[in-house]
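J.: Starting off with a structure, shown below.
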Amino acid sequence: MRSREDVVADLKIQGFLQDPDLERAFRAVDLEFFLPEAFRPLAYADMPIPTLESRQAPTMPSLRCLVSAIGLLGLRPGQTTLLAGARGGYPAALLAAIVSPGKLVVAETDEKLRSVTQERLAAAGLGEVRVVPEPPSENFERILVMDQRGATLTELLAHLADPGTLVSRGRGVHDLAFVTVLRREGETAQVTLGETPHRIAAGPRTADHVKAVDFGHLFAIEDLLVHAWEGRITGHYDEHFRDVADETFLGGPLDAETVASDPDPSKWSARRSFQAAYILQSAGELERAADAYERSARLFPSAEAHTFLGWTYSYMGRYDEAIRECERAIGIDPAFGNPYNDLGAYLIELGRLDDAIPWLEKAILASRYCCHFYAHTNLARVYLHKRMPEKARKSLQAALRVNPDYGPAQELLRRLEGGRGYFG
């Protein structure tokens, strides 16, 4: 599970964390102060995190999204700053660590979030920060909009000093971008940023390796993660990722119906962390996905989280670690079939064919497994490698009895029946 220092290094390398003052604030402020106790295992997960234990609570942005927004402000010590939307208090703590607590005002319309934010800031030694229900009648050199449920952007601009900078998430056609409003010498200009405004090398890298941060890509993934954590369905992709979680956990301790009636926040948060991890895995964000699966298992140990963590490791070529995660999954729930099949598949990749056979046979017998045809097909692969065509044929026929439309089994059987051989 990644630490604060791991995340700092990653955000710097990828170009998200470029401001030295913000980096110092990131290192100085402990995120755990700003999370419900049940969610402490999520500290420094680079994904949206619940601000309260409620299943419908708004989330704090992912760390990469948060530092991108703060970085665009160009904050300097002593600047008067307004934060619209508390998001649990952590964004305010980062800002206060840069400008000083007495220079920051947080406007939060939700009474519960306002109270919790005040408590958390005080516990972190930042009690001088003013937390109010609406922006006060004064102007600010910097305004960061985390939430537009309160004052509108037009209303917030009335509080922007000259000179001053406002940063907000875009809306409408600019939804996948940041909007920066600059006020200088009586003139106001709005700039839509689809990527970082300049190219900066992170560390000792040459200009050939420098690339801008794509905010469109950032927000496209961020929105899916937010919807997963807040339990929202707004389109086809949300439904798909929810359905994957439902199917994977079906019949187990984190089955959707079981969790829906269980007040234990560790269970529903483990499911949602798993769903977020699968979104990241699907987007090719393998390091973040692995971290999210591990945090899901920390919130509530599940065979599903360990199995999918192993699957992610396999994409990274880390087969020994993938095998260990499958073994952990089997230890938690011996009835769950996925890790038996996956372990067998990893052994095939390592050339350990004889070792793979008993695991694949166990997958075929597993009671909680939706995809026995995978195990039959993988067993057929072993037999084909071992030049045992009749056993391979029987395994492929068994796979197609379970799922007649499974393409890989159809293709292998066609090649076998056609006499082309496995490698033909």
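J.: Rg and Dmax of the stretch 4-209 over Cα atoms: what are they, in angstrom?
T.: 16.4, 50
J.: Could you point to the residue in Ser68, Ser115, Ser273 farthest towards the positive end of the chain's charge dipole, with +1 and -1 charges on the Cβ of Lys/Arg and Asp/Glu respectively?
T.: Ser273
J.: Oh, and also: From the square roots a ≥ b ≥ c of the eigenvalues of the alpha-carbon gyration tensor of the stretch 106-248, which class results: rounded (a/c under 1.5), prolate (a/b over b/c), or oblate?
T.: Note, shape of the stretch 106-248 comes out oblate.
J.: On a 0 to 90 degree scale, rounded to 10, what angle separates helix 338-349 from the longest Cα axis of the chain?
T.: Between the helix axis and the principal axis of the chain, the angle is about 70 degrees.
J.: Spin-label point model (7 Å from Cα, Cβ direction): what's the Ala9 to Asp243 distance in nm?
T.: Inter-label distance under the simple model: 4.0 nm.
J.: I've got another one for you. Based on alpha-carbon positions alone, could you give the equivalent ellipsoid semi-axes of the stretch 115-179 from the gyration tensor, as √(5λ), descending, whole Å?
T.: 24, 16, 11
J.: Can you tell me what share of the DSSP beta bridges in the stretch 4-209 is antiparallel? A percent to the nearest 5 is fine.
T.: 50 percent
J.: Which of the lysines could a cross-linker span from Lys386 if the Cα-Cα distance has to be under 30 Å and same-chain partners fewer than 8 positions apart are dropped?
T.: Lys362, Lys394
J.: Beyond 35 Å, what share of the Cα-Cα pairs of the chain is found? Please give it as a whole percent.
T.: 38 percent
J.: Taking Cα atoms of the stretch 1-79, Rg/Rh with Kirkwood Rh, to two decimals?
T.: That ratio is 0.98, to two decimals.
J.: Report for the chain the percent antiparallel among DSSP-assigned beta bridges with both residues inside it, nearest 5.
T.: 50 percent
J.: Using the Kirkwood radius over Cα pairs, work out the Stokes-Einstein diffusion coefficient for the stretch 216-417 at 25 °C and 0.890 mPa s, in µm²/s as a whole number.
T.: For the chosen part, D equals 139 µm²/s.
J.: Report the extension gain between Thr258 and Thr152 in nm, rounded to one decimal, defined as 0.36 nm multiplied by the number of residues separating them, less their alpha carbon distance.
T.: So the extension gain works out to 34.1 nm.
J.: Over all distinct Cα pairs, what is the inverse of the mean 1/r for the stretch 339-424, reported as the Kirkwood hydrodynamic radius in Å?
T.: 12.6 Å is the Kirkwood radius here.
J.: Going toward the positive end of the dipole of the chain, with +1 on Lys and Arg Cβ and -1 on Asp and Glu Cβ, which of Gly150, Leu416, Ile357 do you reach last?
T.: Leu416
J.: I want to verify the translational diffusion coefficient of the stretch 61-170 in µm²/s; compute it with Stokes-Einstein, Rh as the Kirkwood radius over Cα pairs, at 20 °C and 1.002 mPa s.
T.: Stokes-Einstein gives a translational diffusion coefficient of 159 µm²/s.
J.: Can you return the lysines within cross-link range of Lys267? Criterion is Cα-Cα under 25 Å, with same-chain partners fewer than 8 residues away left out.
T.: Filter leaves Lys112.
Only the coordinates and a few stated rules stand behind these numbers; no lab work does. What you see is a predicted model, and the numbers here were worked out from it, not measured in a lab. Cβ coordinates were reconstructed from backbone atoms using ideal geometry, including for glycine residues, and neighbour counts include every protein chain displayed.
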